[in-house]
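As structure tokens, the structure follows; a few thoughts come after it.
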Amino acid sequence: ETGVTQTPRHLVMGMTNKKSLKCEQHLGHNAMYWYKQSAKKPLELMFVYSLEERVENNSVPSRFSPECPNSSHLFLHLHTLQPEDSALYLCASSQAGASTDTQYFGPGTRLTVL
Amino acid sequence: GESVGLHLPTLSVQEGDNSIINCAYSNSASDYFIWYKQESGKGPQFIIDIRSNMDKRQGQRVTVLLNKTVKHLSLQIAATQPGDSAVYFCAPRGGSNDYKLSFGAGTTVTVRA
């Protein structure tokens, strides 16, 4: 257990569905991240929130919408996804501003878009 | 952006032997480096880190070596065990004012019994 939890662990959705991924960190960190991990590709940073403010949006399509209501919770709202969006979505947290701001990852949500 | 490459995408190791996983990075401003281990069906797990003012750091059965001159680091695993089978990533940070980590494709380590 890394102190970062994600739900659901697996999600299958159609292209017209709307769903949300949830992440919660119990480490007292002030920054949270969403990454996408596709097969055979490096982790892709999607969004970064620091002190609940979005500081990074890495050219992610608008069908992905993040929300960070407080420093412990992060959501990724999904709507009208495409089959190529099928991947492992990872959440991470860190203490931004620390000299060694290690990112700790959750177990991920395996998303399949039909 | 920074590019991160691991010298071998796969590594097969006999149980009990030592493993060495190599990583090259491109950004000379990188000041902090993390090694992660990712087992099947799990998220990346922190193994060990090293700051740029060090050239070696040891943990439990793992050692990380950093050569800033040639922008190279390695992860050594002593007495490799079946539970060490996983994908290993090195992740340099872009600089002291940068929160972003760069990830390569990873090295898949398979331990043979």
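Check segment A:81-92 and report whether any residue there is open to solvent by 30 Å² or more (accessible area, probe 1.4 Å) and more than 24 Å from A:Lys40 (Cα to Cα). Steps first, answer last, please.
First, pick out the residues of segment A:81-92 that are open to solvent by 30 Å² or more (accessible area, probe 1.4 Å): A:82-84, A:86.
Right, trim to more than 24 Å from A:Lys40 (Cα to Cα) and you get none.
The answer is no; no qualifying residue exists.
What are the pairs with Cβ atoms under 8 angstrom where one residue, in segment B:89-112, is facing chain A (nearest Cβ under 8 Å) and free of Cβ contacts under 8 Å to residues at least 40 places away in the same chain and the other, located anywhere, is of a type in the set (S, T, N, Q) and open to solvent by 20 Å² or more (accessible area, probe 1.4 Å)? Sequence gap at least six, or different chains.
Within 8 Å, the pairs are B:Tyr99/A:Ser50.
If you check every pair at least six apart or on different chains, which have Cβ atoms under 6 Å apart with a residue in segment B:34-48 that is outside any strand (DSSP E or B) first and a residue that is surrounded by 15 or more Cβ atoms within 10 Å (Cβ to Cβ) and among the small types (Gly, Ala, Ser) second?
Matching pairs, first to second residue: B:Glu39/B:Ala86; B:Gly43/A:Gly106; B:Gly43/A:Gly108.
Which residue, of B:Ala24, B:Ala78, is modelled with pLDDT of 95 or more, of a type in the set (A, V, I, L, M, F, W, C) and open to solvent by less than 50 Å² (accessible area, probe 1.4 Å)?
Details: B:Ala24 fails: modelled with pLDDT of 95 or more.
Just a single option satisfies the conditions, and that option is B:Ala78.
Answer yes or no as to whether B:Val62 is touching a residue at least 24 places away in the same chain (Cβ under 8 Å), more than 11 Å from the chain's Cα centre (by Cα) and away from every other protein chain (no Cβ under 11 Å). Full working, then the answer.
On the way: touching a residue at least 24 places away in the same chain (Cβ under 8 Å): yes; more than 11 Å from the chain's Cα centre (by Cα): no; away from every other protein chain (no Cβ under 11 Å): yes.
Spelling it out, it is not the case that B:Val62 is touching a residue at least 24 places away in the same chain (Cβ under 8 Å), more than 11 Å from the chain's Cα centre (by Cα) and away from every other protein chain (no Cβ under 11 Å).
The values are calculated or read from the model by the stated rules, or taken from the named source; none is laboratory data. Since this is a predicted model, take the numbers as computed values, not measurements. When we count neighbours, we look across all protein chains shown, and the Cβ atoms used for this are built from the backbone with ideal geometry, even at glycine. Surface areas here come from the heavy atoms of the whole protein model, side chains and all, with no ligands, DNA or RNA. Shrake-Rupley method; radii C 1.70, N 1.55, O 1.52, S 1.80 Å.
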